[in-house]
Amino acid sequence: MPATHRDLVMLARRLAIRYVWIDALCIIQDDAVDWENEAASMFAVYRHVHLTVVAAAGDSCNSGFLSRSATASGPRAIVPFRSKKQGDLVSGSYLLSHLPERRTWDANNPAHMHGCAWASRAWTLQEDIMSTRVLYFSNVTSFFRCQTERRLEHSTTVYTSVYGWHDMISAPSASAISGSVVGGKDGTASEPKSGLYTLWRALVNEYARRNLTVANDKFPAMSGLARSFASAVLWKGDLVRGMLWATAHDVSSPSTWRAPSWSWAAWQGELGWGEVYFQPVLSRCTVREVEVVPSGADPFGKLKAGHIILSASLCPVVLRPADRADQEDGDSFAADVIIDNDKAGGLVAARASMDAITSSGLKMDGTWKPIDMGPVVGLLGISALFIALTCVYLGEDDETGEPKYSAPLFPAGILVAKVEGQLGGAGMSVYRRVGVFSAETSEQANLWVGHPHIQLKII
């Protein structure tokens, strides 16, 4: 029996737990149908188990988690003990070892174990968040987190400030929210839902940076979290804002199709939404149709097709690298957008981020990556789809303390390229997303006024 499986059985016996669930044993690994059915039920598994055990110390099932090496924890001393309660039935030993000061932990953050192999895997995010009780084993200590408190092996303090990720996105509450939002006409978030939309975008940001052994597992690996979400893992009530993501570091396109181009899941690597998109967004398009077709029985699993039909302003544009002096490290918006008509007069109308180009800055592995804008030079056939207006923050209200924003003034949208040889019905052109843009000044905003709306299909 692999060391990790053996340790889990030993732990379950000590805790008087009769049954254990191990994915490698409980899912038929070479049976696609069984794998798909079990992957679709992981939400229920994590939500209803008595305890989830995280073996974060190793990178395989042979690593184990109950034995600690002297090199990991330093000099050790074993102190035996026997409890005076329950008729001396409880006995064991304390392991005393040095714990480096830098070994800190935060149960409020799903990324609290960054640096270990377990935290780098995409599949483990929903395991961490959806489980109501989790016991984490690192190579030097262990941690426990439940719905009301968290405890550290190396501390006698009981921390009660545990953020309820699972309560925020539990099936009943999220289903009620989703049911009240689906069918929204403008694809923008109403104010009562904004907190949950913000939470979802934070989860996507964390999930996107994680690794997948099989690229097409992008949706199945978080289908539990997505049970109450739709449209290629964008909430329909926040769909317009949801399409305005931008890539960051180390992005790559999978070798096989797994999501429509307008979905963040089409890319592998770090991505997210800029601060401006966490402010109120006013839709400037009409969502005519959204369709995603699952490849199997799980509606939140792998996809085989997907598209969206929008009515919005579409302008041919020319892109050029922005002046280096205007670029900030870590900012992927490094291309100037120039509307390709006489009215615009060759003026810069927005700043853009291209999906295939990542920003400069410090990567997760500690190395520095400069931005390469070479692919933008000479890029032709690009259009800007103006779908939203964004606001600017003006400060807090003197009486209520609530945030104040300007009127929605700054155009934003996605860059698209026409897919030759395809028609979307009734002569409608078909496009794919290649980037995102946002106007930054009132002068730039004026350049987007007066362009006619057309209907188009994005795949």
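Values in this text are rule-based calculations from the coordinates and carry no lab data. What you are looking at is a predicted structure, and each value in this text was computed from that prediction instead of being measured. Cβ placement follows ideal geometry from the backbone for every residue including glycine, while neighbour counts extend to all protein chains displayed.
Placing +1 on the Cβ of every Lys and Arg and -1 on the Cβ of every Asp and Glu, with nothing else charged, gives the stretch 398-459 a dipole about its Cα centre of roughly 580 debye.
Once R0 is set to 22 Å, what does the formula 1/(1 + (r/R0)^6) return for the Cβ-Cβ distance between residue 393 and residue 446, expressed as a FRET efficiency to the nearest 0.05? Efficiency, from the Cβ-Cβ distance: 0.55.
Packing, as the average of other Cβ atoms within 10 Å across residues, places the peptides 208-215, 28-35 in the order 208-215, 28-35, highest first. For the set 236/343; 343/404; 236/404, the pairs lying more than 28 angstrom apart at their alpha carbons are 236/343; 343/404. Label-to-label distance for residue 133 and residue 305 is 4.7 nm, based on points extended 7 Å past Cα in the beta-carbon direction. The label-point distance for residue 9 and residue 37, in a model that sets each label 7 Å from Cα toward Cβ, rounds to 2.6 nm. Neighbour counts of other Cβ atoms within 10 Å put 135, 271 in the fewest-to-most order 135, 271. Along the stretch 419-431 the Karplus relation, 6.51 cos²θ - 1.76 cosθ + 1.60 evaluated at θ = phi - 60°, assigns HN-Hα couplings of 8, 5, x, 10, 10, x, x, 6, x, 6, 6, 10, 10 Hz to successive residues, with x for each Gly and Pro.
Note on residue 400 and residue 78: the extension gain reaches 110.1 nm, defined as 0.36 nm multiplied by sequence separation minus the Cα-Cα distance.
Relative contact order for the stretch 249-298: 28 percent, from Cα pairs under 8 Å spaced at least 6 residues apart, divided by residue count.
Other residues within the sphere of radius under 13 Å centred on the Cβ of residue 435, judged by their own Cβ, net out at +1 (K and R +1, D and E -1). Compared with the direct C-alpha span, the chain from residue 16 to residue 156 gains 48.0 nm at full extension, assuming 0.36 nm per residue. Label zone of residue 89 (point 7 Å out along Cα→Cβ, amide N under 11 Å): in the stretch 5-24 this covers 16. For the pair residue 28 and residue 297, a Förster radius of 22 Å applied to the C-beta separation gives a FRET efficiency near 0.90, rounded to the nearest 0.05.
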